[in-house]
Amino acid sequence: MPQALRPTPLLRRLAAGALALAAALLPGCGPRHGDGRVHIVYWEKWNGSEAEAMQQVVDAFNRSQDRIFVEFLAVSGIERKTILASAGGDPPDVAGIWVQQIPSWADRGALTPIDELMRESGTDPDEFMGHYERVYADMCRYDGHVYSLPATPAMIALHWNKTAFREAGLDPERPPRTLEELREFSRRLTRRDARTGALTQIGFLPQDPGWWPWSFPRWFGGELISADGRITAATDPANIEAFTWVRGFTEDYGLEELKVFATGFGQFGSPQYPFFQGKIAIVLQGVWFNNYINQYAPGLDYGVAPWPVVHEGEAPYSIGEADMLVIPAGARHPREAWEFIKYVSSPNLGARSRGELSGLELLCYLQEKNSPLKAWSPYFAEAHRHPFIGVFRELSRSPRADFTPKMGIWQEYSREMNIAFDRVRLLQQTPHEALAYVQARIEASWAEHSRSLERQRRAERR
């Protein structure tokens, strides 16, 4: 087996302590069968309708040939369990993880480079990745290798409540196009109780849903890490500007009034979510949001548009996410796993009916998400069930389409940015104070991570 497909020394050192726990937590990954096929195991984090959609794709693959059979398992806590299984020497052949996990897993030697398997099978990696929109292709590459391919992608867009716009005297068909307009529209959409002055509706709230605080600095043109690897949380002026803008909404609404108002917010994925209740008129949400609207607020009159631009004339900013298919290090059947991933990633671009959809388009159609590919089949483009799917396609093509920075400690960095974001919006610290604290902590962690990687590489060279 090529060296690239073996667990690294780091994983082997982890194995001794993980074997017993892995055996207790994980279903077996290598059952034997007498049907003459190579059985590969695929773990995925989805459940419900999302898992049912992937099961249809798995079934289609299993019917399409008689050499490989994919066993599809929905697994909770997949990130922890897959790492443990890899350390214990018995991982699944394919795993579905999130894009932000790719760098840290690759740094730990927990992933098999897919580009090497591509070359073995006669597939040119650059040509294959050229079929994807730039933002999604970039997500898959790290440290000179392709480590993953998208299963289902998502772009984040602005959603607005057209009924609230009408009631505020705004054109319901015209969303805010600039940051100035977003602030002005938000003020006009804000309502207070005539007797008590309490907030009853607001226009836009940066912390709702609060999943991407790191993106605000990037939206404003800032960077969190420089091209030469320096942490820039507090040293890039655009980052300070972005968090100052966030703080301004709390100052507009009033901190105590906002706290009282927010106590009535329900959780996302429930009928009490404030956008569904008409308490917030404008939110940033992903392509998946239409499913939730149909389930929890059917009939809601809403629109979807690009994020407002910071400066007139610039391309719209957006952030992309993706559920990724990877081959864990130490997988028993990496080549067969690649054949399955390639099948998932290769749709029928000539499809003109629902029955002709296959692979990636079938999966994305069933989950009502945009395809990560540049080309879409006629049926997928014209009969997609999401009424605004074209907006998400255009956002994925924007030169400012963005995603999480490629860092092995990104999850730590992201947590610190979340804390800083909360301290700023709650008026507990100034933007500079909060970001300076992030910078100091992450600089130390980044330096230690870099030293650890260098030690690991030296050990592998020996």
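The values are calculated or read from the model by the stated rules, or taken from the named source; none is laboratory data. Since the model is a prediction, treat every value here as computed from it, not as a measurement. A quick note on method: Cβ atoms are made from the backbone with ideal geometry, for glycine too, and the neighbour counts reach across all protein chains shown.
Observations on the model:
- Residue list for the range 382-393, filter: out of contact with any Asp or Glu (no Cβ under 7 Å at 6 or more places or on another chain) and buried (at least 16 other Cβ atoms within 10 Å of the Cβ): His384, Phe388, Ile389, Val391, Phe392, Arg393
- For the range 309-336, the tally of residues that are farther than 30 Å from Leu84 by Cβ and among the basic types (Lys, Arg) stands at 0.
- Matching entry among Val391, Val424 (being of a type in the set (Val, Ile, Thr), outside the structural domain of Pro237 (by TED's automatic domain parsing) and part of a helix (DSSP H, G or I)): Val391
- Single residue of the range 28-45 satisfying the filter (modelled with pLDDT of 95 or more and closer than 21 Å to Arg80 by Cα) that is farthest from the chain's Cα centre (by Cα): Ile40
- Test set (1) of a type outside the set (A, V, I, L, M); (2) within 27 Å of Gln55 (Cβ to Cβ); (3) not in a strand (DSSP E or B) - Glu173 fails condition number: (2)
- Restricting attention to the range 243-257 and to residues that are touching a Ser or Thr at 6+ places or on another chain (Cβ under 9 Å) and among the hydrophobic types (A, V, I, L, M, F, W, C), the residue that is nearest to Pro405 (Cα to Cα) turns out to be Phe243.
- Filtering Glu181, Glu241 for residues that are closer than 21 Å to Ala434 by Cα, out of contact with any His (no Cβ under 7 Å at 6 or more places or on another chain) and either not in a loop (DSSP other than H, G, I, E, B) or not assigned by TED's automatic domain parsing to the domain that holds Ala315 (or both) leaves a single hit, Glu241.
- All positions within the range 188-206 that are surrounded by fewer than 17 Cβ atoms within 10 Å (Cβ to Cβ) and assigned to a loop (DSSP other than H, G, I, E, B): Asp193, Ala194, Arg195, Thr196, Gly197, Ala198
- Residue match in the range 139-148 (condition: in the same structural domain as Lys374 (by TED's automatic domain parsing), in a helix (DSSP H, G or I) and either buried (at least 17 other Cβ atoms within 10 Å of the Cβ) or polar (S, T, N, Q) (or both)): yes
- Lone unmet requirement of (1) in contact with a Ser or Thr (Cβ under 6 Å, 6 or more places away or on another chain); (2) touching a residue at least 40 places away in the same chain (Cβ under 8 Å) for Leu349: (2)
- Odd one out for Glu251 among (1) within 24 Å of the chain's Cα centre (by Cα); (2) surrounded by fewer than 20 Cβ atoms within 10 Å (Cβ to Cβ); (3) not β-branched (Val, Ile, Thr): (1)
- Exactly one residue out of Gly222, Gly229, Gly248 is in the same structural domain as Gln429 (by TED's automatic domain parsing) and on the phi > 0 side of the Ramachandran plot, and it is Gly229.
- Looking only at residues in the range 123-164 that are over 15 Å from the mean Cα position of the chain (by Cα) and polar (S, T, N, Q), the one that is modelled with the lowest pLDDT is Thr123.
- Which numbered condition His333 misses (of (1) in contact (Cβ under 8 Å) with a residue 24 or more places away in the chain; (2) surrounded by fewer than 23 Cβ atoms within 10 Å (Cβ to Cβ); (3) in contact with a helix residue (DSSP H, G or I) (Cβ under 8 Å, 6 or more places away or on another chain)): (3)
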